[in-house]
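Asker: Below is one structure. I have some questions about it.
The values are calculated or read from the model by the stated rules, or taken from the named source; none is laboratory data. Please read these numbers as outputs of a predicted model, since none were measured by experiment. No Cβ is skipped: glycine too gets one built from the backbone with ideal geometry, and neighbour counts run over all protein chains shown. Protein only, heavy atoms only, side chains kept; ligands, DNA and RNA dropped before computing areas. Shrake-Rupley method; radii C 1.70, N 1.55, O 1.52, S 1.80 Å.
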Amino acid sequence: MITRSQFRSLLARLVDNLGWKIVSLLLSIGLWIVIRIAVVEEYEASQVNRGPMAIRQIQNVPIIIQTSSTDTNRYVIEPQVVAVSVEGQSVLLETLDATRIRVVADLTQQAGEEAFAVALEVEVPDDFAFRSCQPQSIRVGRGGQDCFGLVLPLPLPASRVASSMALIRLDSFATPFHAISNAVP
């Protein structure tokens, strides 16, 4: 328990320079209010200046193939590009292009099948909301045979790949197919 003398000492400390303590408290509350209002007003102004919300479809977004580090298979994918619908502020949508959108086909869980379908995962910048992807999945062929029964000779250099299909050799990293499919001798 606190004794009477300890209580008086504590009360004396609280009352000592009471005017300065009250001024300090009021100043800190006022400063907090001013900063809070300025931040909220700036945020609201930035949202108004960006314009209304809109939806835009970005065409020809390349598909990135992701495999495990030990996978040395060759893959044929179709289609090579997709269309992605994105929602956001209309002013920001004008600056959005296919290079800022990531469409990933994760092949790390595929084992043993020669031809299969893979669902696509889409990542858009934080200022936008993903709406849809067309198509939502791609067909993948493993080895020298694609999903359509066309036999491709192995090994086939990347520079000889037809423009309608991409043949990709993936070593230990994900490689965008467009980086090698556009190379023409």
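Asker: Just to check I understand the Karplus step: with θ = phi - 60° and J = 6.51 cos²θ - 1.76 cosθ + 1.60, what whole-Hz values come out for the stretch 107-114, glycine and proline as x?
Answerer: My calculation for the stretch 107-114 gives 9, 5, 9, 8, 9, x, 7, 7 Hz in order.
Asker: If you don't mind, there's one more thing I want to ask. Label the stretch 1-99 by shape, choosing from rounded, prolate and oblate, from the square roots a ≥ b ≥ c of the eigenvalues of the Cα gyration tensor; if a/c is under 1.5 it is rounded, and otherwise prolate applies when a/b is larger than b/c, oblate when it is not.
Answerer: Values: a/c = 7.61, a/b = 2.40, b/c = 3.17.
In terms of gyration-tensor shape, oblate.
Asker: Looking only at the stretch 22-119, where both bridge partners belong to it, what percent of the DSSP beta bridges are antiparallel (to the nearest 5)?
Answerer: Values: 8 of 12 bridges.
Expressed as a percentage, antiparallel bridges in the stretch 22-119 total about 65.
Asker: Step through the residues of the stretch 92-102 one at a time and calculate ³J(HN,Hα) from phi using the Karplus curve (6.51 cos²θ - 1.76 cosθ + 1.60, θ = phi - 60°), rounding each to whole Hz and writing x for Gly and Pro.
Answerer: The phi angles translate into 6, 4, 5, 8, 7, 10, 5, 6, 8, 10, 10 Hz.
Asker: On the protein heavy atoms, probe 1.4 angstrom, tell me the percent of accessible surface of the stretch 70-136 carried by carbon and sulfur. Show your work: numbers first, answer last.
Answerer: Working: 1530 of 3430 Å².
Of all accessible area on the stretch 70-136, carbon and sulfur atoms account for 44 percent.
Asker: Normalising by the residue count of the stretch 17-119, find the relative contact order in percent from Cα pairs under 8 Å and 6+ residues apart.
Answerer: Relative contact order here is 31 percent.
Asker: Here's another thing I want to ask about it. Calculate, for the stretch 1-76, the solvent-accessible area per residue in square angstrom, rolling a 1.4 angstrom probe over the heavy atoms of the protein chains.
Answerer: 83 Å²
Asker: Starting with the highest mean, order 29-41, 53-65 by the number of other Cβ atoms within 10 Å, averaged over the residues of each peptide.
Answerer: Top of the packing list down: 53-65, 29-41.
Asker: If you take the beta carbon distance between Leu31 and Ser69 as r and set R0 to 41 Å, what does 1/(1 + (r/R0)^6) give as a FRET efficiency, to the nearest 0.05?
Answerer: Once the sixth-power term is evaluated, E becomes 0.15.
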